[in-house]
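The values are calculated or read from the model by the stated rules, or taken from the named source; none is laboratory data. Predicted model only: the values in this text are computed from it and were never measured. Heads up, the Cβs are rebuilt from the backbone with ideal geometry, glycines too, and the neighbour counts pull from every protein chain shown.
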Amino acid sequence: MTKTLFIAINIIGFLIFNLFQKNDLDIKHDAPASLKPGEEKVVTFDIDKSDVTGFAKFQITLDEGLTAEMVQASGASFTFNNQTVKFIWMAVPASSKIQVKFRLKANENAVGNLEMKPRFSYIYQNERKNYDVPTHVIAVGDAAAFAENASTSPAKSSTENTDVNPAANRTVTPVGVNQWQVTIEIDKAGMQGFAKVEETVPLGYTVIDFKSSDAVFQVEDRHIKYIWYDIPESDVVTVSYKMLPVISSGNEKPEITGNFSFLKDDENVVIPILDRSEAPLAMGKDTLAAEVAGLVEKPEESKKSELPVTTESKLATAQTEKPNVKTPDTPVVPKAPPAEVAQNKVAVPPVKIPTKTTDPVKPTETITNDVTASKKSMSDGNIVDVPQPETGIFYRVQIAAGKNNLNGEVFTKMYNFGEGFKLETGGGLLKYTTGYHQVYKAARDDRERITRKYDKFKGPFVAAYNDGERITVQEALMVTSQKWFQ
């Protein structure tokens, strides 16, 4: 009789709740009305998500005495922690209906009317929206135990982030001529759940994401957003982006404004992001120091002036500075008026260079961009010159990794692979990658081709890059709105 009464109450409550909650979403489940201590049952949730897209979370809070194990996640990540079941999608499946399952178990010593509270949350127009499913009561044990447990169980608080006071700081660092890297550090102070960073940059810049820390990154005109449904658990969370000039302007530090927002007791709290940047290095007499520190990219003219001085360059300089020097093999050329020289109206014959020298001339060494070479740590297995770094989002296939630096010839013999590779460092290893793809599906297909053709590689995989820096494939897919292919 008691079990029948509980079932009737649950059904009536569910119908009344859906009658007054106007929403295109619809969520049904088959959770049991009762369980015996130690008993378990697979619970299925059918989620009709309507036109919800992008980031979403389905959360079920369980009373003490109930535990959960994942059975079917439908592309979501699954966790069960602090009596909360979480299914999290970085991008929900395209189909309108999703089904998730988990194994619900009553502990051996569990007793009483235990609650299950489901909530589906998603992001709409950069704001969090919640769809609450009616609380479901599960009777565990006999009727006498239910009454005793109901009279002694304390009420549970539903507040979030009650006693937290996070802080957010911004650092702006010059990384080139009118190029800036902006880093935002969030000291969470125990904060959890939904959070958002919003920044506005001056006119004349475009923005590239460097580090998103599992946030959804968005940029529209001059407005940048990093959005988390569940902010990472680390004490300090860092995001970073790079500002590149669209139009030529000065090298003064740009004025950036921004806020960090989060939920506190279900209320939106907004705090300003404080600028902690030091004064940037000037592009005058201190430019050399900035370039040595690797903070400022050298202009083309300054790079040309730093070529090594060789015997040929000395002679060429002498030719330019003293074109009328009389030598046994060089005729005297009349001095032309300065205006004519400036207008290139007088041709100056080349100086004949003596062939006999005391010391042999050393060949000119190959010059590479030190800033690029040290920052990217890249070289090509089959190319002598270091190639220009790729920009934007792109993908390569990592085919091998190890501690030994193998040149192209040795690598080809060892793996019977002659398609060329690039070498980069990371995590204490040398990583060998190949190919260049701007579409993930093309990189995936290339990985499968390499796997079939070269059996000596152990598990080639796709690696993603943003402006030459490694990021996760998931981040790259979100930024470019490309689809995931297994």
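Computed quantities for the displayed model
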{"read-out": "Residue ID - surrounded by the fewest Cβ atoms within 10 Å (Cβ to Cβ), chosen from residues in the range 61-71 that are under 17 Å from A139 (Cα atoms) and aliphatic (A, V, I, L, M)", "value": "L62"}
{"read-out": "The range 209-229: number of residues that are in a strand (DSSP E or B) and touching a Leu at 6+ places or on another chain (Cβ under 7 Å)", "value": "0"}
{"read-out": "Candidates F217, F262, filtered to the one that is at pLDDT 50 or above and farther than 30 Å from Y465 by Cβ", "value": "F262"}
{"read-out": "Tabulated pairs, the range 29-49, first outside the structural domain of V133 (by TED's automatic domain parsing), second surrounded by fewer than 14 Cβ atoms within 10 Å (Cβ to Cβ) and part of a loop (DSSP other than H, G, I, E, B), C-beta under 8 angstrom, 6+ apart or interchain", "value": "none"}
{"read-out": "Hits in the range 215-257 - residues which are of a type in the set (V, I, T) and within 26 Å of E127 (Cα to Cα)", "value": "V216, V219, I224, I227, I231, V236, V237, T238, V239, I256, T257"}
{"read-out": "Residue identified as aromatic (F, W, Y) and at pLDDT 95 or above among F102, F55", "value": "F102"}
{"read-out": "Count of the range 438-460 residues which are within 21 Å of K211 (Cα to Cα) and either touching a residue at least 60 places away in the same chain (Cβ under 8 Å) or touching a strand residue (DSSP E or B) at 6+ places or on another chain (Cβ under 7 Å) (or both)", "value": "2"}
{"read-out": "Residue match in the range 399-412 (condition: within 23 Å of K211 (Cα to Cα), at pLDDT 85 or above and of a type outside the set (V, I, T))", "value": "no"}
{"read-out": "P134 touching a residue at least 40 places away in the same chain (Cβ under 8 Å), in a loop (DSSP other than H, G, I, E, B) and over 30 Å from E220 (Cα atoms)", "value": "yes"}
{"read-out": "Whichever residue in the range 50-64 is part of a strand (DSSP E or B) and under 23 Å from the mean Cα position of the chain (by Cα) and, among such residues, is farthest from M116 (Cα to Cα)", "value": "A56"}
{"read-out": "Criterion: hydroxyl-bearing (S, T, Y), under 23 Å from V219 (Cβ atoms) and buried (at least 17 other Cβ atoms within 10 Å of the Cβ) - qualifying residue of Y415, Y440, Y432", "value": "Y440"}
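Let's see how each residue does on (1) at positive phi; (2) surrounded by 14 or more Cβ atoms within 10 Å (Cβ to Cβ); (3) part of a loop (DSSP other than H, G, I, E, B); (4) free of Cβ contacts under 8 Å to residues at least 60 places away in the same chain:
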residue	(1), (2), (3), (4)
F80	no, yes, no, yes
V85	no, yes, no, yes
S95	no, no, yes, yes
I98	no, yes, no, yes
K101	no, yes, no, yes
P118	no, yes, no, no
